[in-house]
1. Tell me which label goes with the value of mean projected area of the Cα convex hull in nm² computed from the coordinates here: (i) 10.3; (ii) 11.8; (iii) 12.4.
2. Take Asp111 and Lys162, extend 7 Å from each Cα along the Cα→Cβ direction, and tell me the distance between the two endpoints in nm.
3. Provide the per-residue ³J(HN,Hα) series for the range 35-45, in order, calculated from phi with Karplus coefficients 6.51, -1.76, 1.60 and θ = phi - 60°, each as a whole number of Hz, with x at glycine and proline positions.
4. If I build a Gaussian network model for the chain, linking alpha-carbon pairs within less than 10 angstrom, which residue out of Leu99, Leu120, Leu26 has the largest mean-square fluctuation?
5. Helix-derived [θ] at 222 nm for the chain: sum -39500 (n - 2.57) over DSSP H runs of at least 4, divide by residue count, nearest 500?
6. Please list the non-local residues whose amide H lies under 5 Å from the amide H of Asn159, H modeled 1.01 Å from N, same-chain partners needing a gap of 5 or more.
7. Which residues' amide hydrogens lie under 5 Å from the amide hydrogen of Ser185, considering only partners 5 or more residues apart or on another chain, with H built in the peptide plane?
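Rule-based calculations on the coordinates, nothing more; no lab input. Note that the structure is a prediction, hence the values are computed from the model and not measured. Heads up, the Cβs are rebuilt from the backbone with ideal geometry, glycines too, and the neighbour counts pull from every protein chain shown.
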Amino acid sequence: MKPFLTLALLCLHFLTSFAQKATSCLIKTSLGDIRIEVYPDKAPITVTNFLNYVDHQLYDGTNFFRVCTLKNEQERKVKIEVIQGGEVPETKQFKSIKLETTKQSGLKHQDGTLSMARDLPNSATSSFFICIGNQTELDYAGKRNPDGLGFAAFGKVTNGMKVVHKILSQKDKDQYLINPIMIYSIRRLD
C-alpha cells in the first residue's frame, strides 16, 4: 500500500506543478489602478488573446468608453451593469478568437469578472468588460445575447473595484462615455 501512496503523491505533485497559475496584471487608468488576475487554466484561448494584447502593449492609450447602468438600460428587457474598454484600432487587432463559454470554463459573470466583448460567436478581439454585481444573463444560456452562448469570462478584479465604480458613474450618452477614461497601460505583474 505504501508504494501506491507514494506513487499517487508523486503523480499529484507532477500534475499540480504543470497547472497554470493565475496571472496578475495592473490596469493603470486616469481614475486609478485596477489589479486583475486571469485564469489560463480555465479559459486558455481567451487569456492567451488578452495577454497577447498586453504583451504587445496594444492596450496602452485605449480607454474605457462604454458603461451599461440600470439607468441607461431601462428600455432593455435584460439589463446588465458593466464597463467596457480596450478597443484597439482594427488595423492593430489580432484575429478574432473562438468563444470559450462559461459552460466550458466554469467561470461565471460575477461582481468584478473580466470578460471579452463580442457580437457574433467567435468574433471577440481586444475589447473587454468588467461586471458590476452578478450578471448571470451574460453566462451560457443567459438571455443578454440572443444566441444564448453568453460571453467568455476569463478573470476578475482583485483590487480596484472603487475605480470600476467611479468609471461606471461617469456621464454617458446612449451608454457611451462623454469623456472616456484613459487606459494608460496594462502590464503583467508576475
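1. Correct label, based on the coordinates given: (iii).
2. 1.6 nm
3. Whole-Hz 3J(HN,Hα) from phi for the range 35-45: 9, 10, 9, 10, 10, x, 6, 9, 9, x, 5.
4. Result for the chain, Cα springs under 10 Å: Leu120 fluctuates most.
5. Details: 4 runs with 41 residues, N = 190.
Taken over the chain, the calculation gives -6500 deg cm²/dmol.
6. For Asn159, the qualifying residues are Arg35.
7. Lys28, Gly61
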